[in-house]
Amino acid sequence: MSSEEETRSRAGAEADLSAVVKQAEMRRQDGNFCFKKDRFGAAIDAYTEAHYMMGLSLLERHEYAEGVKKLEKALDLGRGANPKSYMVEKIWQELAKAKYLEWEHASSQRSWKLQSLKEACEKALEVQYLLDTSQSGITDITTNSYIEQLTTLEQVFGKAGEDDIPTEVPDYLCCNITLDIFRDPVITPSGVTYERAVLLDHLQKVGKFDPITREPLYEHQLISNLAIKEAVHAFLKERGWAYKTD
């Protein structure tokens, strides 16, 4: 691509982003208008779309932290209005993608720093070993000490990088129906925790009963499982690879 084509491409991208920002502002104003007219449902929908569009535009500009904040706000609004809506799922997918990219970038930086530090430590141990052997000769004690230090070093740096290595998500953090990590967990009177949107869909389309215990169950009986929600938040904070959705 020539420099002229690149310039036109960047200009086109900037124009697209500008249009999205204007559209998001229009939806925000729509929300204000609906709110003043006591059309609260419509106002929430408009605010949700405004935050969603602003979040995407910020992500396009690689402003991940601010983009994630906007998407999280959109998700909170959407869940409050209609937790099993298509829009909530759409927002979650974009948020998860942004969180994963954010983790991927940070993980690469951490891995590079750890590897550089590990190599420096190995070099320092090697220099010390050569110095020791030049003074007292090669002995079993000196050699074994050197090998033991290298092994310990490997273990320490391996432990330091564990959180960035994808593994299995613990079962207790996953929905019994979707088998995916919880997003908005709710607990039933029988003590079983499910993903809210999935359970609501079950109650509406399949029947008013707990999918596992088969006991009668109604929407008003569902309670947010804040303990599991906090556990998921803590898990994802340290292991952003779990945001990957495909």
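Computed from the coordinates by the stated procedures, all read-outs in this text should not be read as laboratory data. Model, not experiment: these values are computed from the prediction. Positions of Cβ are generated from backbone atoms using ideal geometry, with glycine treated the same way; all protein chains shown enter the neighbour counts.
Segment E72..A227, full-extension length gain: 53.9 nm, with 0.36 nm per residue of separation and the alpha-carbon distance subtracted. Look at C121, C174 and count the other Cβ atoms within 10 Å of each Cβ; fewest to most, that gives C121, C174. Under the rule a/c < 1.5 gives rounded, and otherwise a/b versus b/c splits prolate from oblate, where does the stretch 111-163 land using the Cα gyration tensor? It is oblate, given that a/c is not under 1.5 and a/b is not larger than b/c. Each of [x] 0.95; [y] 1.17; [z] 1.01 is a candidate for Rg/Rh (Cα atoms, Kirkwood Rh); the one calculated from this structure is [y].
Partner aspartates and glutamates whose Cα lies under 19 Å from the Cα of K22, excluding those fewer than 8 positions away in the same chain, are identified as E14, D30, D45, E49, E60, E63, E66. As a rough footprinting exposure proxy, the listed residues V21, V169 were ranked by other beta carbons within 10 Å of their own, and the order from fewest upward is V21, V169.
Using C-alpha pairs below 8 Å separated by at least 6 residues, the relative contact order for the chain is 15 percent. For the pair R61 and T139, label points projected 7 Å from Cα toward Cβ lie 6.6 nm apart. Does the stretch 143-213 classify as rounded, prolate or oblate by the C-alpha gyration tensor (a ≥ b ≥ c root eigenvalues; a/c under 1.5 gives rounded; else a/b over b/c gives prolate, otherwise oblate)? Taking the square roots of the gyration eigenvalues as a ≥ b ≥ c, the stretch 143-213 is prolate. Exceedance of the 22 Å cut-off in Cα-Cα distance is limited, within the set K70/K237; K73/K113; K84/K237, to K73/K113; K84/K237. Estimated purely from DSSP H runs of n ≥ 4, each contributing -39500 (n - 2.57), the mean residue ellipticity at 222 nm for the chain is -24000 deg cm²/dmol once divided by its residues.
Highest mobility in the GNM of the chain, judged by mean-square fluctuation with C-alpha springs under 10 Å and restricted to I91, I138, I228, is found for I138. Taking the centroid of alpha carbons for each part, the stretch 134-192 and the stretch 15-75 are 40 Å apart.
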